[in-house]
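Peer 1: Shown below is the structure under consideration.
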Amino acid sequence: MASRADRPLVVGVGAARGVSADEVHALVLSALAEAGGAPDAVAALATVDAKAGEPGLLGAAERLGVPLLTHPAGTLAAITVPNPSQASREALGTASVAEAAALASAPGGELLVPKRRSVPPGRASMATAAVARRTTTTSRDRIDTMDTHDLRHHGDAEVRDDGAKLTDLAVNVRADTPPSWLRERIAGSIASLAAYPDGRAAREAVAARHGRPPGQVLLTSGAAEAFVLLARALSPRHAVVVHPQFTEPEAALRDAGHAVHRVLLRAQDGFRLDTAAVPDEADFVVVGNPTNPTSVLHPAGALARLARPGRTLVVDEAFMDAVPGERESLASRRDLPGLVVLRSLTKTWGLAGLRIGYVLAQVETVAALERAQPLWPVSTPALTAAQACCEPRALAQAEAAAHRIAADRAHLLIRIAGLNDTVEAAGAGGVQVAGPAAGPFVLLRVAGALAVRERLRALGFAVRRADTFPGLGPDWLRAAVRDRNTSDRFVAALGEALAVRTG
């Protein structure tokens, strides 16, 4: 069977609320037969964002063993479709979900089968489907250039609507943060809001923390802003993003008009990086360490071997301060040509709403990124937080938190192993953990993961769907590491969700 990267077809699907997986699946098979294609030729199902959680669509994708790719309504509205519907436009913002989603997921391709409706006996249709064929591309082994994943989906979407009712394991921000002393420092900065932000003290503090001169530091509105600045300020000819990893680097590159090549790490290799998989011609390479969502910590020596003159090597270390001793960090390396290290203060310190991160790079690179930045991009409270989080007391607390996270992660993995013994003894499939995990989250593989995720929500837990990460499919979930009591409750709920699935 061909890998998804080599499969030529994408099926756009639209559905009314409550449609069954049986109806969607039957319609997809009918549309494929009309296109002369088989189920194993399908790379993905695609729909509009508003339908991302529709169980019938998720169930049909699960049966086909493909991801459900979602697109914003605005993106689909801009696509000309052969069978527009005013009712669809008014309800969902696009003239045909099925046709537009199929075409959006096969850029440059063609529509083989226009919109078709399901024909259930005795009642009105609840689903539509259209089939598109992607353009044929040639690529190096293990390089994927097709976008069949929702790069804009992030963990906060899992708790945005009813997060107050759920235990949040979908977002990787450390629980019970920021600490009181940091809140007080931030609150104290409000008295100076009348003045424009002055980042010099914070910049010097970050520089001292990593043994660099201030000119090699750029403070940013969260580490995610740095990806946008890199995409705008640099002009890569052959950009490579190592996946699975945080999707914003690729999204920013694509938004800036750059073609992106994907190096896909494999589950059978433990999602470890083989540096030989990165093409020699790549002049811009992005890799996470430890990587979100796999939680794999790559050896610093291996990453350093990717650095070379004429190449920008971007290492996203947003979660490195959650690793005891920050082993394998390149943040203090000043000898590697083209190295850019990104760090975040939002995860360990609970500052996602404040937005503060920074770039470590050579002076010339920092200057180029700074020219692409708007004036005063980091607020005074965020600058105060950056300076405070680089002080000795804060660094000691972060290190203690990293050791606590490691112990809590070990407890979670022991509980999952015990769960596996129980479900396997009952003849059911268990839970595979990617790794070895080194970050404040774990990547879990479980058959029917999208349905399990919905059952976990019903049981009070939000976990992150992982099929939106390139290189992963519908059998993956990501869960944040929490305290032992929370992990005990989560594993119990996971066992119940698996029992429902297998029973």
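The values are calculated or read from the model by the stated rules, or taken from the named source; none is laboratory data. Since the model is a prediction, treat every value here as computed from it, not as a measurement. Cβ: placed from backbone, ideal geometry, glycine included. Neighbour counts: every protein chain shown.
Peer 1: When you scan the range 328-342, do you find a residue that is over 20 Å from VAL240 (Cβ atoms), in the same structural domain as LEU383 (by TED's automatic domain parsing) and among the basic types (Lys, Arg), even just one?
Peer 2: yes
Peer 1: Any chance the range 224-237 includes a residue that's in contact with a Lys or Arg (Cβ under 8 Å, 6 or more places away or on another chain) and under 13 Å from TYR358 (Cβ atoms)?
Peer 2: Yes, the conditions are met somewhere in the range 224-237.
Peer 1: Residue check, ALA202 against (1) under 22 Å from ASP274 (Cα atoms); (2) crowded, with 22+ Cβ neighbours inside 10 Å, all met but one. Which one?
Peer 2: (1)
Peer 1: Which one of PRO72, PRO120, PRO55 is touching a helix residue (DSSP H, G or I) at 6+ places or on another chain (Cβ under 9 Å), surrounded by fewer than 19 Cβ atoms within 10 Å (Cβ to Cβ) and over 28 Å from ALA251 (Cβ atoms)?
Peer 2: PRO120
Peer 1: Could I ask something else about it? Does the range 103-112 hold any residues that are surrounded by 19 or more Cβ atoms within 10 Å (Cβ to Cβ) and either of a type in the set (Phe, Trp, Tyr) or more than 16 Å from THR47 (Cβ to Cβ) (or both), and which are they?
Peer 2: Within the range 103-112, LEU112 is the sole residue that qualifies.
Peer 1: Now for a separate question. Would it be correct to say that ALA46 is among the small types (Gly, Ala, Ser), under 25 Å from TRP476 (Cα atoms) and modelled with pLDDT under 85?
Peer 2: Considered against the rule, which asks whether it is among the small types (Gly, Ala, Ser), under 25 Å from TRP476 (Cα atoms) and modelled with pLDDT under 85, ALA46 comes out as no.
Peer 1: Further, regarding this structure: Only one of (1) part of a helix (DSSP H, G or I); (2) under 14 Å from ALA98 (Cα atoms); (3) hydrophobic (A, V, I, L, M, F, W, C) fails for ALA44. Which number is that?
Peer 2: The failed condition is (1).
Peer 1: Looking only at the range 29-52, how many residues end up being crowded, with 18+ Cβ neighbours inside 10 Å, within 30 Å of VAL159 (Cβ to Cβ) and of a type in the set (A, V, I, L, M, F, W, C)?
Peer 2: Matching residues across the range 29-52 total 6.
Peer 1: Go through the range 235-258 and give me each residue that's of a type in the set (A, V, I, L, M) and within 22 Å of LEU273 (Cβ to Cβ).
Peer 2: Across the range 235-258, the qualifying residues are ALA239, VAL240, VAL241, VAL242, ALA251, ALA252, LEU253.
Peer 1: Give just the number: which of (1) closer than 20 Å to ASP316 by Cβ; (2) surrounded by fewer than 23 Cβ atoms within 10 Å (Cβ to Cβ); (3) over 20 Å from the mean Cα position of the chain (by Cα) does ASP255 not satisfy?
Peer 2: Every listed condition holds for ASP255 apart from (3).
Peer 1: Check whether at least one residue in the range 462-483 is at pLDDT 95 or above and farther than 13 Å from PRO293 by Cβ, and report yes or no.
Peer 2: Yes, some residue in the range 462-483 is at pLDDT 95 or above and farther than 13 Å from PRO293 by Cβ.
Peer 1: Let me ask something else about it. Taking the range 332-350 as the search range and keeping residues that are in contact (Cβ under 8 Å) with a residue 12 or more places away in the chain and surrounded by fewer than 21 Cβ atoms within 10 Å (Cβ to Cβ), which one is nearest to GLN387 (Cα to Cα)?
Peer 2: Taking the candidates together, the pick is GLY350.
Peer 1: Another one. Of the residues VAL42, VAL66, only one is in the same structural domain as PRO107 (by TED's automatic domain parsing), closer than 20 Å to ARG464 by Cβ and of a type in the set (Val, Ile, Thr); which?
Peer 2: Of VAL42, VAL66, the one residue that is in the same structural domain as PRO107 (by TED's automatic domain parsing), closer than 20 Å to ARG464 by Cβ and of a type in the set (Val, Ile, Thr) is VAL66.
Peer 1: Taking the range 219-244 on its own, how many of its residues are crowded, with 24+ Cβ neighbours inside 10 Å, under 20 Å from ALA282 (Cβ atoms) and of a type outside the set (A, V, I, L, M, F, W, C)?
Peer 2: Looking only at that region, the number is 2.
Peer 1: From VAL359, VAL366, VAL423, which residue is at pLDDT below 95 and of a type outside the set (D, E, K, R)?
Peer 2: VAL423
Peer 1: Looking only at helices (runs of 4 or more DSSP H) that fall completely inside the range 343-399, which ones have 2 or more residues that are in contact with a Lys or Arg (Cβ under 7 Å, 6 or more places away or on another chain)?
Peer 2: Output list reads 346-349, 380-389.
Peer 1: Can I ask one more? If MET320 satisfies all but one of (1) within 16 Å of PHE441 (Cα to Cα); (2) of a type outside the set (Gly, Ala, Ser); (3) surrounded by fewer than 23 Cβ atoms within 10 Å (Cβ to Cβ); (4) touching a helix residue (DSSP H, G or I) at 6+ places or on another chain (Cβ under 8 Å), what's the number of the condition it fails?
Peer 2: That leaves (3) as the condition not met.
Peer 1: What about ALA61, is it within 20 Å of the chain's Cα centre (by Cα) and buried (at least 20 other Cβ atoms within 10 Å of the Cβ)?
Peer 2: Against the criterion (within 20 Å of the chain's Cα centre (by Cα) and buried (at least 20 other Cβ atoms within 10 Å of the Cβ)), ALA61 qualifies.
Peer 1: Follow-up question, since we're still on this one. Taking the range 162-187 as the search range and keeping residues that are assigned to a helix (DSSP H, G or I) and more than 16 Å from ILE356 (Cβ to Cβ), which one is nearest to the chain's Cα centre (by Cα)?
Peer 2: Out of the qualifying residues, it is GLY163.
Peer 1: Right, another one. State yes or no: is ARG212 assigned to a loop (DSSP other than H, G, I, E, B), out of contact with any Cys (no Cβ under 8 Å at 6 or more places or on another chain) and modelled with pLDDT under 85?
Peer 2: So ARG212 fails the test.
Peer 1: Would you point out which residue out of ILE405, ILE414 is assigned to a helix (DSSP H, G or I) and in contact with a helix residue (DSSP H, G or I) (Cβ under 7 Å, 6 or more places away or on another chain)?
Peer 2: After applying the criteria, what remains is ILE405.
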